[in-house]
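S.K.: Quick one: the structure is below, questions incoming.
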């Protein structure tokens, strides 16, 4: 996952696109005379983590099967999720609103159909020893970038220009900071921030959304193929019923859900999974206790900012997003 970089899962980081996770662990007591199930492929954004717990819960507790699906969760190569979905090789994909900008600019037929978390935990992570007590204090410091124009523009807006960029990927942000590879990095508190605490490393973390409300974008979310949604709306609505049940369970049962994630992804650090799940389970639902629904005004606010910065040639309200396939 480009935006969820951490060492406990590095061993599986280069699995092939269709390295299936969870297929062999479905209920072995299922009878052979069970009605034929429809295949459903869900592509992760990278390796398994707590963004995905609701999917594994839906698999483990039989919600997909009850909805008529033989669900398979696959781990794609880096940043290929939208390509799989756009080409019809995956029914759903875990993705991020900022990453959709370049895809929508290229005309890829993808639509965000469910918000996995209601608020973004993205921010800027640095060692406390650097002494930066505000994002602006990071000006002139070395910034680890994966060279995404939208992400870089967000960081530049907060920190100031010019950015001192250190290109490259870091699989473990905390370790890379301690090795002095760079001074700060865009990371997610729900994983890298919590992992730093587990390691006993003192860090400073500045949430992007605190600097600008427009940066409380949707990350992560689920995308689907726009043409397939129109052709088979009932399929996607039924699948989202199962997925919603998985995330509702994960929201209310963080400890049990973390165990389910570890069951399907034993390479994940157990303490990290448990502490991350305790944090992120509170982020799955909105103020009304519902899961998946987008606030179109928040969605448009970020894309309006992208347009104003010249990162998109057009701004169309509610482009690339729909609540129409979510269960009522």
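The values are calculated or read from the model by the stated rules, or taken from the named source; none is laboratory data. As the structure is a computational prediction, the values presented were derived from the model and not from experiment. Using ideal geometry, Cβ is built from the backbone for each residue, glycine included, and neighbour counts are taken over all protein chains shown.
S.K.: Taking the range 251-286 as the search range and keeping residues that are assigned to a loop (DSSP other than H, G, I, E, B) and touching a helix residue (DSSP H, G or I) at 6+ places or on another chain (Cβ under 9 Å), which one is nearest to residue 114 (Cα to Cα)?
M.R.: 284
Yes/no matrix, rows are residues, columns are (1) over 30 Å from residue 271 (Cβ atoms); (2) at pLDDT 95 or above; (3) crowded, with 24+ Cβ neighbours inside 10 Å:
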| residue | (1), (2), (3) |
| --- | --- |
| 10 | no, no, no |
| 15 | no, no, no |
| 20 | no, no, no |
| 36 | yes, no, no |
| 50 | no, yes, yes |
| 60 | no, yes, no |
| 70 | yes, yes, no |
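S.K.: Checking residue 230 against (1) surrounded by fewer than 21 Cβ atoms within 10 Å (Cβ to Cβ); (2) outside any helix (DSSP H, G or I); (3) assigned by TED's automatic domain parsing to the domain that holds residue 98: exactly one of these is not met. Which one?
M.R.: Only one criterion in (1) surrounded by fewer than 21 Cβ atoms within 10 Å (Cβ to Cβ); (2) outside any helix (DSSP H, G or I); (3) assigned by TED's automatic domain parsing to the domain that holds residue 98 is unmet by residue 230, namely (2).
S.K.: I've got another one for you. Residue check: is residue 61 assigned by TED's automatic domain parsing to the domain that holds residue 259, more than 22 Å from residue 110 (Cβ to Cβ) and over 16 Å from the mean Cα position of the chain (by Cα)?
M.R.: Considered against the rule, which asks whether it is assigned by TED's automatic domain parsing to the domain that holds residue 259, more than 22 Å from residue 110 (Cβ to Cβ) and over 16 Å from the mean Cα position of the chain (by Cα), residue 61 comes out as yes.
S.K.: I'm told residue 266 meets every condition in (1) touching a residue at least 40 places away in the same chain (Cβ under 8 Å); (2) within 20 Å of residue 54 (Cα to Cα) except one. Can you identify the failing condition by its number?
M.R.: For residue 266, the exception is condition (1).
S.K.: Separate question: Only one of these is buried (at least 22 other Cβ atoms within 10 Å of the Cβ) and touching a residue at least 24 places away in the same chain (Cβ under 8 Å): 190, 129, 170, 134. Name it.
M.R.: Matching residue, one of 190, 129, 170, 134: 190.
S.K.: Tally time: how many residues in the range 40-83 are in contact (Cβ under 8 Å) with a residue 60 or more places away in the chain, part of a helix (DSSP H, G or I) and closer than 29 Å to residue 304 by Cβ?
M.R.: Residues in the range 40-83 being in contact (Cβ under 8 Å) with a residue 60 or more places away in the chain, part of a helix (DSSP H, G or I) and closer than 29 Å to residue 304 by Cβ: 3 in total.
S.K.: Among the residues of the range 158-167, is any touching a residue at least 24 places away in the same chain (Cβ under 8 Å), outside the structural domain of residue 277 (by TED's automatic domain parsing), under 18 Å from the mean Cα position of the chain (by Cα) and closer than 26 Å to residue 304 by Cα?
M.R.: Among the residues of the range 158-167, not one is touching a residue at least 24 places away in the same chain (Cβ under 8 Å), outside the structural domain of residue 277 (by TED's automatic domain parsing), under 18 Å from the mean Cα position of the chain (by Cα) and closer than 26 Å to residue 304 by Cα, which makes the answer no.
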